[in-house]
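The values are calculated or read from the model by the stated rules, or taken from the named source; none is laboratory data. These numbers come from a predicted model, not from an experiment. Cβ: placed from backbone, ideal geometry, glycine included. Neighbour counts: every protein chain shown.
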Amino acid sequence: MSTEIYLLNGPNLDLLGERSPEIYGTMTLDQHVERFRAIAHSFGATVTHLQSNFEGELIEAVHAARNSAAAIVINAGALTHSSWALSDALDTFSGIKIEVHLSNPAAREPYRHLSTLAVAVDGSICGFGATSYDLAAYAVRDLLALRG
């Protein structure tokens, strides 16, 4: 398997830096992706990034990752709480899967407490702001090393 990582970002994450900066911070999505990419490159991985406001595009990206990627890191945004279809797609991917969130959904509104993705991923990283993406990259690195 390759050392390619799919970094998937869901609805409204294209508005990072301007949408609710008190919750999500002031960094743009491009800045998060560049930091993630730099960490991935430091351990020899490449990154394919997709942001989409459409559930089906994210599902198609998961399907594409099945043929080329060692890992998927996903911030599904609000789809985290409602998309069993995305969860089912992730379940078909045999590589490393990490759910990431800038905020801590468990400390927010009750509807955000459910993650439909949790049953399909290896782990979740939440609530550390910009560092959440960094931690996800390091988690991929460490899990790749463990799996040989």
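Structure values in brief
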read-out	value
Among (1) at pLDDT 95 or above; (2) in contact with a Phe, Trp or Tyr (Cβ under 7 Å, 6 or more places away or on another chain), the one test that residue 116 misses	(1)
Filtered residues of region 80-115 (kept if among the hydrophobic types (A, V, I, L, M, F, W, C) and in a loop (DSSP other than H, G, I, E, B))	93, 102, 114
Residue list for region 4-32, restricted to those being surrounded by fewer than 14 Cβ atoms within 10 Å (Cβ to Cβ) and either of a type in the set (D, E, K, R) or part of a loop (DSSP other than H, G, I, E, B) (or both)	18, 19, 20, 22, 26, 30
Residues (farther than 25 Å from residue 82 by Cβ and assigned to a loop (DSSP other than H, G, I, E, B)) located in region 33-61	43, 44, 45
First in region 63-88 and over 12 Å from residue 8 (Cα atoms), second anywhere and among the basic types (Lys, Arg) and surrounded by fewer than 22 Cβ atoms within 10 Å (Cβ to Cβ), Cβ under 6 Å, 6 or more apart	81/112
Single residue of region 120-133 satisfying the filter (at pLDDT 95 or above and over 11 Å from the mean Cα position of the chain (by Cα)) that is nearest to residue 98 (Cα to Cα)	122
Condition check for residue 35: closer than 21 Å to residue 3 by Cα, surrounded by 13 or more Cβ atoms within 10 Å (Cβ to Cβ), without any contact (Cβ under 8 Å) to a residue 40 or more places away in the chain and charged (D, E, K, R)	no
Residues (at positive phi and at pLDDT 95 or above) located in region 13-57	44
Test result for residue 148, out of contact with any strand residue (DSSP E or B) (no Cβ under 6 Å at 6 or more places or on another chain) and within 16 Å of residue 23 (Cα to Cα)	no
Residue 73 being outside any strand (DSSP E or B), at pLDDT 95 or above, over 24 Å from residue 22 (Cβ atoms) and among the β-branched types (Val, Ile, Thr)	no
Those residues of region 128-148 which are assigned to a helix (DSSP H, G or I), more than 24 Å from residue 82 (Cβ to Cβ) and touching a Lys or Arg at 6+ places or on another chain (Cβ under 9 Å), in sequence order	134, 137
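Residue-by-condition table, conditions (1) of a type in the set (Asp, Glu); (2) within 23 Å of residue 24 (Cβ to Cβ); (3) within 12 Å of the chain's Cα centre (by Cα):
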| site | (1), (2), (3) |
| --- | --- |
| 76 | no, yes, yes |
| 82 | no, yes, no |
| 96 | no, no, yes |
| 99 | yes, yes, yes |
| 107 | no, yes, no |
| 110 | no, yes, no |
| 117 | no, yes, yes |
| 145 | no, no, no |
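Okay, residues lined up against (1) surrounded by fewer than 14 Cβ atoms within 10 Å (Cβ to Cβ); (2) in contact with a Lys or Arg (Cβ under 8 Å, 6 or more places away or on another chain):
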site	(1), (2)
63	yes, no
91	no, no
94	yes, yes
102	no, no
107	yes, no
114	yes, no
120	no, yes
126	no, no
